[in-house]
1. Are there any trypsin sites (Lys or Arg not before Pro) in the range B:98-152 that are in a DSSP loop and have at most 16 other Cβ atoms within 10 Å? List them by number.
2. What average count of beta carbons from other chains do you get within 10 Å of the Cβ of residues in B:134-143?
3. Tell me, what ³J(HN,Hα) does each residue in the range A:193-207 have, in order and in whole Hz, if you take phi through Karplus 6.51 cos²θ - 1.76 cosθ + 1.60 with θ = phi - 60° and put x for Gly and Pro?
4. What's the exposure ranking of B:H62, A:H221, going from fewest to most Cβ atoms within 10 Å?
5. Under a crude label model (7 Å from the Cα following the beta-carbon direction), how far is A:M224 from A:I37 in nanometres?
6. Ignore the peptide's own chain and count Cβ atoms of other chains within 10 Å of each Cβ in A:219-225; give me the average, rounded.
7. Given the DSSP H assignment, sum -39500 (n - 2.57) over each helix run of at least 4 residues in the protein assembly as shown and divide by its residue total; what's the result at 222 nm in deg cm²/dmol, nearest 500?
8. Report the equivalent ellipsoid semi-axes for the protein assembly as shown in whole Å, largest first, defined as the square roots of five times the eigenvalues of the gyration tensor built from alpha carbon atoms.
Amino acid sequence: MDNPPRTMKARLIGIDDLLRARPRVVVGSALGPRQIILIMIAFGFVYGAVMGSFGGVTGERFWQVVYSATKVPLLLTLTFAISLPSFFIINTILGLRDDFAKALRALVATQAALTVVLASFAPFTALWYASSSDYQSALLFNTLMFGSASITAQLLLLRLYRPLIARNPRHRVMVRLWLVIYAFVGIQMGWVLRPFIGSPDVATTFFRQGAWGNAYVEVAHIIMRVLGW
Amino acid sequence: MIKWFKQLDGILRGDATRMSALKEGRIETPIGGISVVTVFLGATYGICMGAYAVIRTGGADHDAYMQMLASAVKLPLLFFLTLLVTLPSLYVFNALVGSRLSVVSVIRLLIAMLGVMLSVLAAFGPIIVFFSVSTESYPFMKLLNVLIAAMAGVLGLAFLLKTLHRLVLVQEVIDTPQQFLEAVDEDQDVEDDELLTDNPAGVLDPVGEGTSNRARSVFRVWVVVFSLVGAQMSWVLRPFIGKPDMPFTWFRERDSNFFIDVLDAIAKLFGA
């Protein structure tokens, strides 16, 4: 804190290290847990704010911007926290406890990287909003952005995991299991925390009225309807 | 209590079932402490299962809390009763094939197995609670619980078979006459020595190539029996989650079976 410019620079270099999957990200990194959390909140906030600006930023719609900005970091943090215990226990049973600190650092770093990637997509979303006011296509566009950012982050996770897999091939099983658990919880979390964009026909609320429900049950019903059963 | 958790942790990490720890040909995990911790973990998962009933009724219904309590009691019971039902035949067949595993060793091994299973279950507790908060669909909750229990079961049974494999290997080393071992010593770098080293591997690591063994086939068959009995035991002890339109009862009528109901739940989930 005594030398703010230097810390700021160090922080930016840290983010760069993170994106390049430098080994020091996993082995006692330039980024402490506090910085990683700050990155997650700050960059998640940026994308969330842009995402929530669909209906405008004035009047009541301003609150949608604030809500969405809060919800993106919330979505990632809650999903992470809920998925972690099972990941920890299965790691232990597979005999990988000694590497767990490193694995955890890789996972947390990936979370931060995901928000950085998302934030870098924010201008695209803004451009899309500026060119079209169709709610459905906005929904689809954001899904696309989230999907691309997630895939990018998972590729980064695989790179961060490479030294661990070299130590013990069983880490490969674990990293796949993590993706399954994380996606399973994350999809439902995204569903529960709706609305992120804010339908123009509905009043601005933090949670959507009657939005409580299960994404997978909805999907099962849609499949059935499409098949005409 | 913390000491007991550390003992369970030792089992999970594989410290308690390392080749060097099994040197005497028996497993030394303490039964009492592990059992208490296992019951505690089971009750924790039971509470998570019961959360569906409480959250669905908005926490105002007395019956829902009874369901939560019942699940917390019944979940550890499910696992210990399954063990109780399958233990006599395991003991008889284990003795019939002339296995050198003593009864105490077998029981210790099985309690350790329950410890592994219920640790995995409890670790999935937060996910169950999260889905309980946001899900109305009863068939979905049922299937999710079956899936998680199956996962815990597979990991626990895998632990059992691997540990057994190690025990048999150790005993083969012990049973081999000393002169033979010395002869082998001169011929090649003894593998047996390697087997007994302090190998920091996980509980599921394969150790060496084992010879076929009748005791092991008994356990392989028993694993299947345990899974089937466990599934049906969960049916006998139902309800765990609490069907939304039914009043709370400790047990339900004798009716149908586990496997038919799972198929039924899948059909219901897809709206059939």
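What follows is calculated from the coordinates using simple rules that are stated; it is not laboratory data. All values reported here derive from a predicted model rather than from experimental measurement. Using ideal geometry, Cβ is built from the backbone for each residue, glycine included, and neighbour counts are taken over all protein chains shown.
1. Sites meeting the loop and neighbour criteria: B:R100.
2. Other-chain Cβ atoms within 10 Å of each residue's Cβ, averaged: 4.
3. 7, 3, x, 9, 9, x, 4, x, 8, 10, 5, 6, 9, 5, 10
4. Least to most surrounded, the residues fall as B:H62, A:H221.
5. Result for the modelled spin labels: 4.3 nm.
6. The per-residue average across the peptide is 3.
7. -25000 deg cm²/dmol
8. Taking √(5λ) for each eigenvalue gives 46, 32, 18 Å, largest first.
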